[in-house]
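Before any comments, here is the structure.
The values are calculated or read from the model by the stated rules, or taken from the named source; none is laboratory data. Only a predicted model underlies this, so the values are computations on that prediction, with no experimental measurement involved. All Cβ positions, even for glycine, are placed from backbone atoms using ideal geometry, and neighbour counts span all protein chains on display.
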Amino acid sequence: MNDRYPFIVVEGLDGTGKTTLRKGLFRLWEGLYGVTPLCVLTTNFLATDQAAAIITGKYQPNAGNHDAYLSAIAADKRATLERLVLPQRSARPVIADRWLLSELAFFAVKHGMKVSKTYEALATRLTTAPDLTLVLDLETDASMSRAQARQGDAVRADWDVHDVQSRVRETYEAVVTKPDEFPLLGDVVRLDARRPRCEVLLAAWDVLRERHLVPSLTAQVEGGENHG
């Protein structure tokens, strides 16, 4: 690992275990290194003048607000990078629950927009890629079953339906199989979310270790100190 901590994104359909994995990575960083990661979402409302456009575009998507929503999420991601992600990486890892891949899927499914066009529009505003995008892959039936078993109002009637989620997964697949065409996703690794969640966490941690995105524990012990 170099002199900055990694920016990690967790992507996947609802119910694939993104929150569980994010919490697991959080606890591993704290427990092994004494470092508290910063966790962010795909939308953080840091471009405050774009808040109305974000809410309307996400929950009432139509041809009339398509361009405004795309511009708004680009502005919000840029503000998130500039105000949260980049300043914090000298002190702690940053873990995002969804980021760019989810936006590509949203515009493909809700607006019939080619992922390449959405990517081009966002890329004009964003210049920093995550070090790693972990994509939790699970069949649509299984992910929906998990999502529907959760408590609260997490299920959206216009989004958490089989046809929509299947198209989202197809979009993920189309993008993940051509990572060189989408460099702002960073290094993309797909994880089998059918496995027990402890195994998914171990697999994700192994990916981080293999890419030298975590400090050596040996170096930590020899150095006798943690960063954070």
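Just a few scattered comments:
- Leading residue by the ranking (farthest from Leu208 (Cα to Cα)) among those in the stretch 116-141 that are crowded, with 20+ Cβ neighbours inside 10 Å and touching a Ser or Thr at 6+ places or on another chain (Cβ under 8 Å): Leu138
- The lone exception for Arg167 - which of (1) in a helix (DSSP H, G or I); (2) modelled with pLDDT under 95; (3) surrounded by fewer than 18 Cβ atoms within 10 Å (Cβ to Cβ) it fails: (2)
- Qualifying residue in the stretch 31-38 (condition: part of a loop (DSSP other than H, G, I, E, B), free of Cβ contacts under 8 Å to residues at least 60 places away in the same chain and surrounded by fewer than 16 Cβ atoms within 10 Å (Cβ to Cβ)): no
- Tally, over the stretch 46-96, of residues that are part of a loop (DSSP other than H, G, I, E, B), over 30 Å from Gly112 (Cβ atoms) and of a type in the set (S, T, N, Q): 1
Quick grid of which residues meet (1) closer than 19 Å to Leu28 by Cα; (2) in contact with an Asp or Glu (Cβ under 9 Å, 6 or more places away or on another chain); (3) among the aromatic types (Phe, Trp, Tyr):
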site	(1), (2), (3)
Arg146	no, yes, no
Arg150	no, yes, no
Trp159	no, yes, yes
Lys178	no, no, no
Arg190	no, yes, no
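- Cβ-Cβ under 7 Å pairs, at least 6 apart or on other chains, the stretch 66-94 side closer than 17 Å to Tyr5 by Cβ, far side outside any loop (DSSP other than H, G, I, E, B) and aromatic (Phe, Trp, Tyr): Val85/Phe7; Arg89/Phe7; Pro93/Trp29; Val94/Phe7
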